[in-house]
Amino acid sequence: MLIGSKVSSGIAIGKAFVIKEEEFNIIKIVVKDELKELERFNEAVQKGMKELHKVEKNKDIFESHLMILEDPEFVGSIREKILDEKVNSEYAVQTVIDKLIKIFKEIEDEYIKERISDIKDVGSRILSILKGESENFINVVEKDSIIIGKDITPSQTAQMKRKKVLGFATEIGGVTSHSAIIGRNLGIPVVVGIKNLLNEVNTGDLIILDGNKGIIIINPDEETLEVYRKEINKIQEEKNELLNYKNLTTFTLDLKRLQVNGSIGNLKEAEDVNKNGGEGIGLFRTEFLYMENDGLPSEEEQFNKYKEVLKKFKDKPVVIRTLDIGGDKKLSYLPMEEELNPFLGLRAIRLCLNRKDIFKTQLRALLRASIYGNLQIMFPMICNLNELRKAKKLLDECKVELEEDNIKYNKNLLVGIMIEVPSAAIISDILAKEVDFFSIGTNDLMQYTLAVDRTNEKISYLYDFNDLAVLRLIKLVIENAHKAGIPVGMCGEMASREELIPLLIGMGLDEFSVSPSSILKIRKIIRSLNYIKCKRMVVF
Ligand code: PEP
Ligand code: MG
C-alpha cells in the first residue's frame, strides 16, 4: 500500500497503465525504421506550418518562423541526422537546434543574435507537435484502466474519458493542480503525491485506488478486494440517496437563500451539472476548449460552443471565464517563452492583454452568444484596477465592432472578475465598484497568499484550507463586495471542502461553484445548517 494526498473521492478497482516518464523527455532513441521516423518529422513540419498560419498574427514573426521551417539547410540537417544516425525526431531536432544556437551565439552580429529566439520558438513548436502525439496516450489505454504517472499534464487528463479511465494516481502534483481538478470534474478517484509510485507499479498490475483515504493498493489479496467491493456498493447507495436533493432549492434551515453551481471545462460537464441539479455554471474554464483543438479555435467555433452551453441553461446564470493559459496550462500550438516562474508570469488576463487578437476573438464569440441565455463574463487573475479597465475597454471595443456590423448581443450582460491574487483581495473595495460580481478563486488565492506552488507536493503541508491569512482575505472580499452591493461566489476547490461550508456561509458567501459530482453533497450540507449559528463562528 502506498500513501498520497487525496484529490478526488471514490474507489476504483482496475488494471494499471503506467505512463513512462521518458516518453515526455527528449532522450536519444535508436529507431528501427528511419524512413518512417523521417515521415513523422515531415508531418510535424507540415503541421507546424499550418499552425503558424492559424496562430501567428505578427507578420514579422510569422515570416521569419516560416522561413526557418522552409529552410532546406535547417530541416535538411535534421532529416540527415534521422536517416544517418537512425535517431528519433525529437533528439534530431534538439541537437540541430542546440548546435545552431551555439554557432549563432559566437557571431558578432545583432541580426543573427536576434534569430536565436526565432530558432528556439520554431524548435519548441516542432517538439511540442512531436510530443503532442505521445500525449495522445489515451488511444492505447485499455478500457477500465487506472493511469499511473510521475506527473500527468492537464491536456493528458482532459483526454481521459470516464469509461476508459477509472482513476489516476501520480508521484508529483498538488491537490489543486489543474490535472487534479479535471479528475474531480470527471468524477473519478484521484490520488497525487505518492512517493516511489513508478518503482512499485507496473502496467497490468491489479490496483485498488482509494480516493477517499488517498491510498493505492497494489495487487491486493481476495479479502481486501471483497472489503473494497462492498465499499463501492455503499458509495453508490449514498450517491443514489443524494439524488433526492436534485430538485430542492438551496436554503439554510433559517431560510437564507444560497446558490450551488457547477464548475466545468467542456460541454459534457455542462450536462453533468444539469444531471446533478446545479443552479447554473459558476465557472466555465474555457482554456480546455483551446486545449482540445490543434490550433486556436476560431470565433465561429467558440460562438457555437458557448451558444450550446447557454441554451442548455436557459435563464440560469452561466459564468464563462476568459482564457486562462500559462502556469501549469499550456497550448501545444502556442509556443511561449520559457519562464522561471510561470505561475507569476504571462498567464491568464496578462497573456490576453498581450495577445489582443486571441482575446478579442474570444470576447466577440462570447458577446455574440450572449443573446442565447444568461451569460456572465469573468476575467481571471486580475491584479489591479488598470488591468480590469484594460480588459473592459477591449470588451467595449468588441461591442462597438458588433454594433457597426449590426450583430446583436445582450446589452445588460454582467461582467465580473475572479479574486485570486492577494492584491485584488486587498483592493476589492475599489474593484467592486467597477464590476457586477466577484468569484473567489481560492486555488490561486491560496497559492499566491502563502507563496506555495499549488502543484508542488513537497510543500503541500503549507497549502492549508484553514489558513487564517487566506480566511481573513476571503472575509474581506465578501464584506467589500456586499458594501458595494454585488454578489460574491467561490469557484476554487475550497468551495467543496465540506468542513468549511459553515464558515463560508457565516462569512456571507452567496454562491458555491463546485465540480458537478459535488453539487448535491454541498446542497445537502447547506440545507442542514443554520445561517445565524454559522455567523457566530466567524471570530477572526
Ligand atoms: C482558482 O484559482 O481558484 C480557480 C478557480 O481557477 P483555476 O483553478 O482554474 O486556476
Ligand atoms: Mg485560478
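The values are calculated or read from the model by the stated rules, or taken from the named source; none is laboratory data. Just so you know, these numbers come straight off a predicted model, no measurement behind them. Every residue, glycine as well, gets a Cβ built from its backbone with ideal geometry; the counts of neighbours run over all protein chains shown. Areas reflect the complete protein model, heavy atoms only, side chains present, ligands, DNA and RNA absent. Shrake-Rupley method; radii C 1.70, N 1.55, O 1.52, S 1.80 Å.
Annotations
- The set of residues in segment 416-435 being away from ligand 1 (no atom under 15 Å from the Cβ) and surrounded by fewer than 17 Cβ atoms within 10 Å (Cβ to Cβ) consists of 426, 427, 429, 430, 433, 434.
- Within segment 212-261, if we keep just the residues that are in contact with a strand residue (DSSP E or B) (Cβ under 9 Å, 6 or more places away or on another chain) and over 26 Å from residue 194 (Cα atoms), the residue that is surrounded by the fewest Cβ atoms within 10 Å (Cβ to Cβ) turns out to be 257.
- Any hit, segment 408-423, residues being among the aromatic types (Phe, Trp, Tyr) and closer than 20 Å to residue 493 by Cα: no
- Residue match in segment 173-191 (condition: farther than 22 Å from residue 263 by Cβ and either in contact with a helix residue (DSSP H, G or I) (Cβ under 9 Å, 6 or more places away or on another chain) or not assigned by TED's automatic domain parsing to the domain that holds residue 281 (or both)): no
- Checking each residue of segment 294-304 against the condition of being of a type outside the set (D, E, K, R), assigned by TED's automatic domain parsing to the domain that holds residue 410, more than 12 Å from ligand 1 (Cβ to nearest atom) and under 23 Å from residue 511 (Cβ atoms) gives no match.
- Qualifying residue in segment 516-539 (condition: within 16 Å of ligand 2 (Cβ to nearest atom) and open to solvent by less than 30 Å² (accessible area, probe 1.4 Å)): no
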